[in-house]
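Just so it is clear, none of the values below were taken in a lab; they were calculated from the coordinates. Quantities reported herein were computed from a predicted structural model and do not represent experimental measurements. Glycine also receives a Cβ, built like all others from the backbone with ideal geometry; neighbour counts cover every protein chain displayed.
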Amino acid sequence: MHSAMDEPLLAAEVSEPGSRPDPGGPVIGIIGSGDFSRSLAARLVASGFRVVVGSRAPGRVASAAFPARVELCSQGEAAQRADRLLFVAVYPEHYHSLLGLSQQLQGKVLVDVSNASSLSRPEQSNAERLAQLFPQSSVVKGFNVLSAWALQAGAHDGNRQVPICSDEADSKAAVLQLARRLGFSPVDVGGLCAARDVEEAPLVLFPSWGRPVLLTFLLFLFFYGYNFLRHILLPFLDQGENNFYQLPLVTVNETLPAVAIVTLALVYLPAQVWWRLSSSWPGEPNIRDSLVGWTAGCAVGSSWAY
Ligand SMILES: NC(=O)C1=CN([C@@H]2O[C@H](COP(=O)(O)OP(=O)(O)OC[C@H]3O[C@@H](n4cnc5c(N)ncnc54)[C@H](OP(=O)(O)O)[C@@H]3O)[C@@H](O)[C@H]2O)C=CC1
Ligand SMILES: [Fe+3]
């Protein structure tokens, strides 16, 4: 029996990640001709894909804004011509203006690239709203964590993980595959209910840093208090020595190395101890694997220690 799983997800299936798809393969559509659309189109073309961009007014879009191989057309035409995947690169408040395209978008995969505008945790994510507006299409959330600049620059540096979620497994697989072809590292984060977190991810500054910062601050207070007692208060009470002028500089300087060494120990010692203990239990590879994770996860903490 023929199933959707038998169909190739994208243009010519290529097994090696570095290889390019067949330029005569399926067409990828983008609705909207703004910053994100331009960068995405450039990246898709550079990766060997055919691209159609649908604009409300294609005649008014500066043709130099897009690579020569990108075709600019009306939104309806782009929706029609895209074989399977269509990126919705318009702001969520304008999604309803696309309702007239429902017919052409039927059965297509809509990739919602929008970000949350605040961390107010609305009831519905943008992607869920898009899915509600277009029940005949399947919606995949993804690519929103990439800035237009990062899309153009490509995955040369740093962290280029792209969380992707959807309720439709086939559609999600197609977008995961596309992200990989563009040189990014897609991460399947589950169903569309995860979209709210994905949309808020670009707004969260230094995720997971709260506790390390608090712990470091408490350690600082502890050692500062200890040094104050030992070098300032006790000599003053004992011998009347006035060392209070040392508080802003000398005491801080005495405190910082202690904080650093304790933080470093907190970061590495638990993993080291467990590692040694677990190496004496030969049948416990899972514990060792999780320790590798622990040590890697301590990178954030170690930067504080330095
Ligand atoms: N810029 C970035 O770095 C990033 C953007 N994003 C997301 O991508 C989406 C697009 O962002 P961006 O490209 O920067 O935005 P722009 O303002 O640059 O472009 C938005 C485009 O939407 C189109 N559009 C369609 N319908 C309407 C409408 N009714 N009113 C106004 N515009 C409409 C317009 O294209 P036309 O006139 O041709 O129809 C316009 O160019 C947003 O959801 C954003 O959150 C996500 C990550 C990064
Ligand atoms: Fe280190």
Practice task
Provide the FRET efficiency to the nearest 0.05 for the Gln124-Val204 pair, computing r from the beta carbons and using R0 = 25 Å.
Solution key: 0.85
Fill in the blank from the handout: For region 4-203, percent of DSSP beta bridges that are antiparallel (nearest 5) comes out at 10
Fill in the blank from the handout: FRET efficiency (Ser63, Leu99; Cβ distance; R0 25 Å; to 0.05) is 0.35
Handout entry: Within-12-Å neighbourhood charge of Ser55 [Cβ basis; K, R +1; D, E -1]
Key = +1
Problem - Residues whose placed amide H lies under 5 Å from that of Val111, excluding near-sequence neighbours - result: Leu86, Phe87, Val88, Val140
Handout entry: Under 5 Å, built H, 5+ apart or other chain: amide partners of Val27
Key = Asp83, Arg84
Problem - Using a Förster distance of 35 Å, the FRET efficiency for Ser185-Asn253 (Cβ separation, nearest 0.05) - result: 0.25
